[in-house]
Amino acid sequence: MNPLKNKIDFVAFVSVTMANANGDPLNGNRPRTDYNGYGEISDVCIKRKIRNRMQDLGHRIFVQSEDRCDDGFKSLSQRADAMLGKIKDRDEYARLACETWLDVRSFGQVFAFDKSNEKSGVSVGVRGPVSIHQAASVSPVEVYSQQITKSVNSEPAEKKSSDTMGMKHMVRFGLYKIKGSINVQLAQRTGFTEEDAEVIKECLRTLFENDASSARPEGSMQVCKLFWWKHDCPSGQHSSAKVHASVSAVLKPGVDTPSSFNDYDIIQEELPGLQCEVIDGI
């Protein structure tokens, strides 16, 4: 395994068509938007999808969703105790956690569980090198809502009641910009490698594989373009803010209401000495 030596920045443009990219549970599960109508996808949601792709690619992860559990443990504390419960040294605890789970050495993790603390006497925090920004849409989005009903009985016939009403919300179309970076100094602490960076790249390229649901039908969410910058030094040739701002999506002349990725021109500013790999997503 090759330790990561050079800083990495990345940007992904993601299209959402008649889907709920990230519902807000405090707002009736409507797609997240800001006060100006721009769509949002939380960094936590993006990391969840990256973790799922890590699993699909055969890597062990610590933070598993309940429907994707692959090791039989019913909680994070059980998973941590099974592997780390006997370790009392904090540095060794963190080292083994990073060595065992790809998402821990990528995103970091706080290990502070009651049972674990009783057994090992430690509470450990790991800072991960991979940081993800909250995604925002390039243009304001229109949220479409429709009423739905349940027409199938869930109780015996004698208990039949009137159809249950509900609401379903989705974005008609939105193009979202995901930004992120990989820090070399933190990568050295967690053991994050060049090979791990390639896994992150592949996860981003295929972010919505095996992610379909009623809120996100197959084909409704797509990674359109992935921009990947690998600097020639640990601290980076340019700041992450400048790198992320060097690529943007602008509406084509005459387009007022975008309905597809093709309604945008992707403008990329060349940064001195920094090469960019442009990848088509799936």
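The values are calculated or read from the model by the stated rules, or taken from the named source; none is laboratory data. Computed from a prediction, not measured in an experiment: that's the story for all the values here. Glycine gets a Cβ as well: all are built from the backbone with ideal geometry, and neighbour counts include every protein chain shown.
Which condition number in (1) within 20 Å of the chain's Cα centre (by Cα); (2) more than 21 Å from Ile8 (Cα to Cα); (3) surrounded by 17 or more Cβ atoms within 10 Å (Cβ to Cβ) is the one that Phe111 fails?
With (1) within 20 Å of the chain's Cα centre (by Cα); (2) more than 21 Å from Ile8 (Cα to Cα); (3) surrounded by 17 or more Cβ atoms within 10 Å (Cβ to Cβ) applied to Phe111, the lone miss is (1).
Tell me the residue from Ala94, Ala80 that is among the small types (Gly, Ala, Ser) and out of contact with any helix residue (DSSP H, G or I) (no Cβ under 7 Å at 6 or more places or on another chain), please.
Exactly one residue qualifies, and that residue is Ala94.
Name the one entry in Glu195, Glu218 that is acidic (Asp, Glu) and touching a residue at least 60 places away in the same chain (Cβ under 8 Å). Don't jump to the end; show me each part of the working.
Values: Glu218 fails: touching a residue at least 60 places away in the same chain (Cβ under 8 Å).
Unique residue meeting the criteria: Glu195.
What number of residues within the range 137-155 satisfy the criterion of being small (Gly, Ala, Ser), part of a strand (DSSP E or B) and either at pLDDT below 95 or surrounded by fewer than 18 Cβ atoms within 10 Å (Cβ to Cβ) (or both)? Steps first, answer last, please.
Within the range 137-155, the subset small (Gly, Ala, Ser) is 137, 139, 145, 151, 154.
Subsequent filtering for residues that are part of a strand (DSSP E or B) retains 137, 139, 145.
Right, trim to either at pLDDT below 95 or surrounded by fewer than 18 Cβ atoms within 10 Å (Cβ to Cβ) (or both) and you get 145.
Number of matching residues: 1.
Which is of a type outside the set (D, E, K, R) and at pLDDT 95 or above, of Asn27, Asn36?
The match here is Asn36.
In the list Glu202, Glu277, Glu209, which residue meets the criterion of being closer than 23 Å to Met54 by Cβ, assigned to a strand (DSSP E or B) and acidic (Asp, Glu)?
Of Glu202, Glu277, Glu209, the one residue that is closer than 23 Å to Met54 by Cβ, assigned to a strand (DSSP E or B) and acidic (Asp, Glu) is Glu277.
Restricting to the range 40-96, what's the tally of residues that are among the aliphatic types (A, V, I, L, M), touching a residue at least 12 places away in the same chain (Cβ under 8 Å) and closer than 30 Å to Ser137 by Cα?
Initial filter on the range 40-96 (among the aliphatic types (A, V, I, L, M)): 41, 44, 46, 50, 54, 57, 61, 63, 76, 80, 82-84, 87, 94, 96.
Subsequent filtering for residues that are touching a residue at least 12 places away in the same chain (Cβ under 8 Å) retains 41, 46, 50, 54, 57, 61, 63, 76, 80, 83-84, 87, 94, 96.
Checking the rest, the ones that are also closer than 30 Å to Ser137 by Cα come to 41, 46, 50, 54, 57, 61, 63.
Counting residues in the range 40-96 that are among the aliphatic types (A, V, I, L, M), touching a residue at least 12 places away in the same chain (Cβ under 8 Å) and closer than 30 Å to Ser137 by Cα gives 7.
Out of the residues in the range 165-213 meeting the condition of being within 19 Å of the chain's Cα centre (by Cα) and of a type in the set (Gly, Ala, Ser), tell me which one is surrounded by the most Cβ atoms within 10 Å (Cβ to Cβ).
The qualifying residue surrounded by the most Cβ atoms within 10 Å (Cβ to Cβ) is Gly174.
Restricting the search to the range 20-36, which residues are small (Gly, Ala, Ser) and either out of contact with any strand residue (DSSP E or B) (no Cβ under 9 Å at 6 or more places or on another chain) or crowded, with 23+ Cβ neighbours inside 10 Å (or both)?
Residue satisfying the conditions is Ala21 alone.
Conditions tested, residue by residue: (1) farther than 23 Å from Leu186 by Cβ; (2) touching a helix residue (DSSP H, G or I) at 6+ places or on another chain (Cβ under 9 Å); (3) surrounded by fewer than 17 Cβ atoms within 10 Å (Cβ to Cβ).
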| position | (1), (2), (3) |
| --- | --- |
| Pro234 | no, yes, yes |
| His244 | no, no, no |
| Lys252 | yes, yes, yes |
| Asn262 | yes, no, yes |
| Asp265 | yes, no, yes |
| Gln268 | yes, no, yes |
| Gly273 | yes, no, yes |
